[in-house]
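Undergrad: Below you'll find the structure I mean.
The values are calculated or read from the model by the stated rules, or taken from the named source; none is laboratory data. These numbers were taken from a predicted model, which means no experiment stands behind them. Cβ placement follows ideal geometry from the backbone for every residue including glycine, while neighbour counts extend to all protein chains displayed. Note: accessible area is taken over every heavy atom of the protein model, side chains too, but ligands, DNA and RNA are not part of it. Shrake-Rupley method; radii C 1.70, N 1.55, O 1.52, S 1.80 Å.
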Amino acid sequence: MTRPIRSVLVANRGEIAVRVIRACRELGIETVQAYSEADRYSLPVKLADRSVCIGGPRSAESYLNPAFLISAASTRKADAIHPGYGFLSENADFAELCRLHDIIFIGPNPEVISLMGNKAMARKLAAQIGVPTTPGSADTVASVDEAASVTEQVGYPVILKASAGGGGRGMRIVWEPKDLREAFQQAQKESKAAFADGSIYIERYLTEIRHIEVQVLADHATVLHLGERDCSIQKRHQKLIEESPSPALTGELRAKIGEAAVRLAKHAGYTNAGTVEFILNEKTGEFFFMEMNTRIQVEHPITEMVTGFDLVKSQIQIASGESLQVSQDQITLKGHAIECRINAEDFACNFMPCPGTVTRYLCPGGPGIRVDSHIFPGYQIPPYYDSLLAKLIAWGRTRDEAISRMQRALRELVIEGVKTTAPFHTMLLDDARFQRGEVSTRFVQDLLAA
Ligand code: MV4
């Protein structure tokens, strides 16, 4: 069943709003940019065909308010809503509300968003269908006593995770038996306060790991995987740099982890673009399912660079009921891509956000460079949102070439008026261990300590 999309309400801001508008423009689809009072003079508002103010500067008064977005889409006669990432992108109730109002939500259906949003349920599904999961509880754990008995079985250290959390939110590591009781009670309490759901599950805590995520793309009949991204370089669950393919995977392991991701997506009845997160023990080649993200991710461009796919266009086409015109054996990875997230943050001050005005801006270019950004000279960065200013993406035929191009792009980049994470990236790309591909989730901690 296909249903043409003639106009899209862009229910997001910043660089991802620009990215969605670009995809729509190429597809000949009209765009309506929803903006908060703080984003009135933003680039996506200028680039879209039309725009509509949806409320106050704080996210809760605008981008996070389902009713405001639905009414903006209805009154402007938009056929579909693209939620981008963050905000309402993984809100099953919002996707359901779109359905009730006969507006196409560009993403998976509410049922699968809800399933994957319940991290314990997603883990249970993975285990049931033979996708590897870490040793730990089979389901949520109701009491301290049950937590203690699970932990005795799997051994210390363990990590307590909020079932309603995800992406590192609501996690707690416990190293010794004496700390379990308090940690469990704290985790339960915090999760209840943050997500109105105190459900906790337990996993053995693995160290010296890589964070590998597989991009999947599914229509109503087929699930494809588009290789992986290595997102091991992060700081307090904020990814700083991502690359594809992962330097840690062999072709054989890539096929296995890709098949595991596809298997999970198929069993869940997944459609549209999604990402299946794993952790990888590089020494043993073991990988374990962590969670599935049901949105387009910040780091999607590196997958686009190595596969030649336009993921945002594919999202829109799938949402309108079109089928994928490719099979798995037609997907090949070419070359290597790296993304550096340039944030308005002072990395010397523990990555403290630094809003302000961008007084000067020079965008890098040349062979193999792509920049996804919404900034321009004179742009005032609102203090209400995420501090991402630009994504610098470098492609090369080899990893070395991608690194050289990224180093060149960082030299060319000029952003004045605010502190950015660009100097941090320059330092990181010059690091010999990074250049050898020797990174783990501990890398940044070690680099900043040195
Ligand atoms: C883990 C883990 C180790 N063992 N689970 C972080 C994001 C979320 N999707 C899952 N995460 C992790 N889960 C087990 N069983 C390590 C991480 C993790 C991490 C943990 C603490 C500090 C930084 C981290 C960076 C990446 C992944």
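Undergrad: Go through Lys119/Lys256; Lys189/Lys283; Lys124/Lys283; Lys46/Lys77; Lys192/Lys419 and tell me which ones have a Cα-Cα distance over 30 Å in this structure.
TA: Listed pairs above 30 Å: Lys189/Lys283; Lys192/Lys419.
Undergrad: With r defined as the distance between the Cβ atoms of Asn350 and Glu322 and R0 fixed at 60 Å, what FRET efficiency is calculated, to the nearest 0.05?
TA: On the way: r = 46 Å, r/R0 = 0.77.
So, using R0 = 60 Å, E works out to roughly 0.85.
Undergrad: Right, something else. With the other protein chains left in place, how much accessible area per residue, in square angstrom, belongs to the chain at a 1.4 angstrom probe?
TA: Result: 42 Å² per residue.
Undergrad: If you don't mind, there's one more thing I want to ask. With just the Cα atoms of the chain, tell me how far they stretch along each of the three principal axes, in Å, largest first.
TA: 59, 52, 45
Undergrad: Looking at the chain, send over the antiparallel percent of its DSSP beta bridges, to the nearest 5.
TA: So the antiparallel bridges amount to about 80 percent of the total.
Undergrad: Check Val418: other-chain or 5+ apart residues with amide H under 5 Å from its amide H, H built from backbone geometry?
TA: Placed amide hydrogens put Thr359 under 5 Å from Val418.
Undergrad: State the extension gain, in nm to one decimal, for the chain segment bounded by Arg442 and Tyr156, taking 0.36 nm per residue of separation less the distance between their alpha-carbons.
TA: Taking 0.36 nm per residue and subtracting the Cα distance, the gain is 101.1 nm.
Undergrad: Moving on. Could you let me know the centre-to-centre spacing of the stretch 432-450 and the stretch 218-236, using Cα atoms, in angstrom?
TA: The distance from the Cα centre of the stretch 432-450 to that of the stretch 218-236 comes to 23 Å.
Undergrad: Regarding the stretch 7-106, what's the average projected area of the Cα-atom convex hull, expressed in nm²?
TA: 5.2 nm²
Undergrad: So who's got an amide H within less than 5 Å of the one on Glu282, skipping anything under 5 residues away but keeping other chains? H placed 1.01 Å off N, in plane.
TA: Under 5 Å from the amide H of Glu282: Arg210.
Undergrad: Same structure, new question: Find out how many positive minus negative residues lie around Glu242, taking Lys and Arg as positive, Asp and Glu as negative, among other residues whose Cβ is under 11 Å from that of Glu242.
TA: -2
Undergrad: What residue among Phe195, Phe184, Phe287 has the largest mean-square fluctuation in a Gaussian network model of the chain, using Cα springs under 10 Å?
TA: Phe195
Undergrad: On to the next question. What are the ³J(HN,Hα) values, in whole Hz, obtained from phi via the Karplus relation 6.51 cos²θ - 1.76 cosθ + 1.60 with θ = phi - 60°, for each residue of the stretch 445-450 in sequence order, with x given for Gly and Pro?
TA: 3, 5, 5, 6, 6, 5
Undergrad: Still on this structure, please answer the following. Tell me the carbon and sulfur percent of the accessible area for the stretch 68-190, rounded to whole percent, probe radius 1.4 Å.
TA: It is 50 percent, rounded to a whole number.
Undergrad: Okay, next question. Considering only C-alpha atoms, what is the centroid distance from the stretch 57-86 to the stretch 137-200, in Å?
TA: Distance between centres, Cα-based: 34 Å.
Undergrad: What spacing in nm lies between the two simple spin-label points modelled at Asp197 and Cys363, each 7 Å away from Cα in the Cβ direction?
TA: 3.9 nm
Undergrad: Using a Förster radius of 41 Å, what is the FRET efficiency between Glu412 and Val144 based on their Cβ-Cβ separation? Nearest 0.05, please.
TA: 0.15
Undergrad: Which value at 222 nm does the chain reach when only helices count, each DSSP H run of 4 or more adding -39,500 (n - 2.57), with the total divided by all residues and rounded to the nearest 500 deg cm²/dmol?
TA: Calculated from helices alone, the mean residue ellipticity at 222 nm is -10000 deg cm²/dmol.
Undergrad: Shifting gears a bit: Using just the C-alpha positions of the stretch 330-374 as equal point scatterers, what log10 of I(q)/I(0) does the Debye formula give at each q in 0.26 1/Å?
TA: Once normalised to I(0) and log-transformed, intensities are -1.13.
Undergrad: Let me know the Rg and Dmax you get for the stretch 135-204 when you use only its Cα atoms, in Å.
TA: Spelled out, the Cα radius of gyration and Dmax of the stretch 135-204 are 10.6, 29 Å.
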